[in-house]
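Reading through the structure tokens given below for one structure.
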Amino acid sequence: MSALEVSPFHGIALYKSTFAYLLICVVNLFVVAGCEYGDMDSNCASAIERRECYDMENRRRCCSTCATFRIRDAPAGCEFGDKAAWCAPNRLARYQCYQPSASDTCCRTCATYHTGPSGRNASGDWESIVMVVIIIV
């Protein structure tokens, strides 16, 4: 199978074989205007931590890095996980999640501690969506 056409839009390729066309599209859901060329600072990937993306200036300057830190299916306000270093499971006791300030600051860790029927594990990093369309000719 060889590439028939590669779109100028990043992440789309159309492949043709004897029997079918295969369209593969990788969609970055978090690309926003102003981030078309990635991070605006060359140090973002090595210097910024996930929780620092809650700061709007960091999110603007390190837009691509913050997009990779975004947690898929995270509730609003917990898109980048815990907001403080002291939220680590070896530092935060389960009972502390009953305190609203701790459950907000440590939203990801407290979600992993939750044992009720609606609790969910907040693990998992942001991923691209891969869409595959097969057209039989």
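Key figures
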| quantity | calculated |
| --- | --- |
| Members of the stretch 49-82 found to be over 18 Å from Ala102 (Cα atoms), assigned to a loop (DSSP other than H, G, I, E, B) and in contact with a Phe, Trp or Tyr (Cβ under 8 Å, 6 or more places away or on another chain), listed by number | Arg70, Ile71, Arg72 |
| Options Ala88, Ala74, Ala93; residue that is modelled with pLDDT of 75 or more, of a type in the set (Gly, Ala, Ser) and in contact with a Gly (Cβ under 9 Å, 6 or more places away or on another chain) | Ala74 |
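The values are calculated or read from the model by the stated rules, or taken from the named source; none is laboratory data. The structure displayed is predicted, hence computed values, not measured ones. A quick note on method: Cβ atoms are made from the backbone with ideal geometry, for glycine too, and the neighbour counts reach across all protein chains shown.
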